[in-house]
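The values are calculated or read from the model by the stated rules, or taken from the named source; none is laboratory data. Quick caveat: nothing in here was measured; it's all calculated off a predicted structure. Cβ: placed from backbone, ideal geometry, glycine included. Neighbour counts: every protein chain shown. Ligands, DNA and RNA are excluded from the accessible area calculation, which covers all protein heavy atoms including side chains. Shrake-Rupley method; radii C 1.70, N 1.55, O 1.52, S 1.80 Å.
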Amino acid sequence: MFHPTVVDRREARLLADPRFRARFPRGLPRVPLAEAHERSAALRLLVDEKGQLRRKLTGEEAAFVTGERLMGKIDFRYFAERNLWIKKSTPTGLRLKPLVPFWQSQELVLDRLAAKELVIRETHHPDGLLATILKARQLGCTTLSIGIILHRAVTHSQQ
């Protein structure tokens, strides 16, 4: 989820499933950010006021949605740059802005989490990724933490 090696291993596990291997024989697509935003905007136009699709997705559209959902599930950074938006106060009021690019302080936290995650996975430690962040103010750690929690809540079942 944080460390590239862990992301690659999770992708390999997904692609071991014949259904995913058949759909993504060359691996999960990493769609460039600008293209992902453009394609997502086009797909939003297909949804009516009740949240229903106006028409069935084409095979390519369905593959895009599936690929984005799978990549977002296994890779926090991929998810964050496409889906995490924060409220920003402006002279004219509040507006949304993307969380990414991360601040240097947030990158430091993500790097530490990635290193811990790799050790946990390689040693088969039974606990999840636990961290206590003692922080100064205005470093973006609370916002990052909320983003990580949101990622987990929307990409994993709560069973």
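Listing for the model above:
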| item | result |
| --- | --- |
| The range 41-66, residues that are among the charged types (D, E, K, R) and either more than 21 Å from Leu28 (Cβ to Cβ) or touching a Gly at 6+ places or on another chain (Cβ under 6 Å) (or both) | Arg44, Asp48, Glu49, Lys50, Arg54, Arg55, Lys56 |
| Residues located in the range 109-157, provided they are β-branched (Val, Ile, Thr) and within 17 Å of Ala80 (Cα to Cα) | Val109, Thr142, Thr143, Ile146, Ile148, Ile149, Val154, Thr155 |
| Leu84 over 30 Å from Leu139 (Cβ atoms), open to solvent by less than 40 Å² (accessible area, probe 1.4 Å) and touching a residue at least 12 places away in the same chain (Cβ under 8 Å) | no |
| Verdict on Val100 being hydrophobic (A, V, I, L, M, F, W, C), surrounded by 14 or more Cβ atoms within 10 Å (Cβ to Cβ) and assigned to a helix (DSSP H, G or I) | no |
| Helices (runs of 4 or more DSSP H) fully within the range 1-96 counting 1 or more residues that are more than 28 Å from Asp111 (Cβ to Cβ) | 18-23, 33-44, 59-74 |
